[in-house]
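J.: Here's a structure for you.
Nothing in this text is a laboratory measurement; each read-out follows from the coordinates by a stated rule. Not measured: the values here are computed from a predicted model. Please note: Cβ atoms are built from the backbone with ideal geometry, for glycine as well, and neighbour counts cover all protein chains shown.
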Amino acid sequence: MRQSSLIKSAELRAEELEAALMEMVKQDNRRQLSARVEKLERRVAELRGGLVAKQEQENAMLQILMRVEQEQRVTEDARILAEQDAAAQRHASQVLQVSSLIEFLGELKFGNMTLVGWYVEHLVCHCDDLQEKYEETIASFAETEKRVVMAESMLEATLQYQSGQDKVLPSPRSTQQVSSPVGGNQESSLEIPARKISLLSRPFGLGWRDSSKGKPAEEVSNTNTVNEEQKEMNGHQLEQKVQEA
């Protein structure tokens, strides 16, 4: 009887110990699970912060693109106005030259054809100079348009690169298995947008717009002064030659 009672008490004690052990194991598992949940929550918070930063970068790039488009429109309008002004100035100068030639021929009454030929040749050379200046202005505007196109292509390439980086994000399981390289990967992923921002923060060289705007007006004023001086010199020479004749 005593042996049977001892056996039963031993079995009961073993069951109690087993139950206590299972309870301890459950509590340990709960702690591990809570620690994992905390890690996952931290990881989610970091990913959300990175997503917000990338969205801010995209918004900044979109603003830059809008500014570039506005600058391009302004340069296009300035180019059109410059072309119109140059054409109007050229037409006016040609009309003045033709009218002065007609007056000169009327005064000479076709008496001295050599002087008329020299004057016509001088007018042709002046027209050629105006044409060369007009071609130079058109070439400068073409170069500015090429620069704007290059800037837009660079911004589009950066946006495509960032969209590719957003698609290739590490999964939470891979981050749990390899905990140490995560820091390096995060630092590198954070360094890449910073470098892009530093590249984009540099000015795109849009200052050429102001300089290109000033060129046509200066050229037109120079041509006007040259035309007036040449007309005065030609008038004095013609008066002297008419008096000598």
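J.: Say each of ARG31 and GLU11 gets a label point 7 Å from the Cα, pointing the same way as Cα to Cβ; how far apart are those two points in nm?
T.: In this crude label model, ARG31 to GLU11 measures out at 3.4 nm.
J.: Still on this structure, please answer the following. Could you give me the ³J(HN,Hα) list for the range 70-86, computed from phi with Karplus coefficients 6.51, -1.76, 1.60 and θ = phi - 60°, whole Hz, x at Gly and Pro?
T.: Going residue by residue, I get 4, 4, 5, 5, 4, 5, 5, 4, 5, 5, 5, 5, 5, 4, 5, 5, 5 Hz, with x marking Gly and Pro.
J.: State, to one decimal in nm, how far the label point of GLN70 lies from the label point of SER100, with both points 7 Å from Cα in the Cβ direction.
T.: It works out to 4.5 nm between the two label points.
J.: Full-extension gain between ILE138 and HIS91, please, as 0.36 nm times their residue separation minus the C-alpha to C-alpha distance. Show your work: numbers first, answer last.
T.: On the way: separation 47, 0.36 × 47 = 16.92 nm, distance 1.75 nm.
In short, 15.2 nm is gained.
J.: How do MET154, MET61 rank when sorted from fewest to most other Cβ atoms within 10 Å of their own Cβ? Before the final figure, lay out each step's value.
T.: Working: MET154 13, MET61 18.
Exposure proxy ranking, most exposed first: MET154, MET61.
J.: What FRET efficiency comes out for the pair VAL149/GLU41, r = Cβ-Cβ distance, R0 = 30 Å, nearest 0.05? It would help to have the intermediate numbers written out before the result.
T.: Values: r = 47 Å, r/R0 = 1.56.
Taking R0 as 30 Å, the efficiency between VAL149 and GLU41 is 0.05.
J.: To continue, here is another question. Net charge around GLN32, counting only other residues with Cβ within less than 14 Å of its Cβ (Lys, Arg = +1; Asp, Glu = -1)? Display every interim value, and only then the final one.
T.: Working: positive: LYS26, ARG30, ARG31, ARG36, LYS39; negative: ASP28, GLU38.
Surrounding charge for GLN32 is +3.
J.: When you count, for each residue, the other Cβ atoms within 10 Å and take the mean per peptide, how do 4-12, 142-150 rank with the highest first? Write out the running numbers ahead of the final one.
T.: Working: 4-12: 9.7, 142-150: 14.0.
Going from most to least packed, we get 142-150, 4-12.
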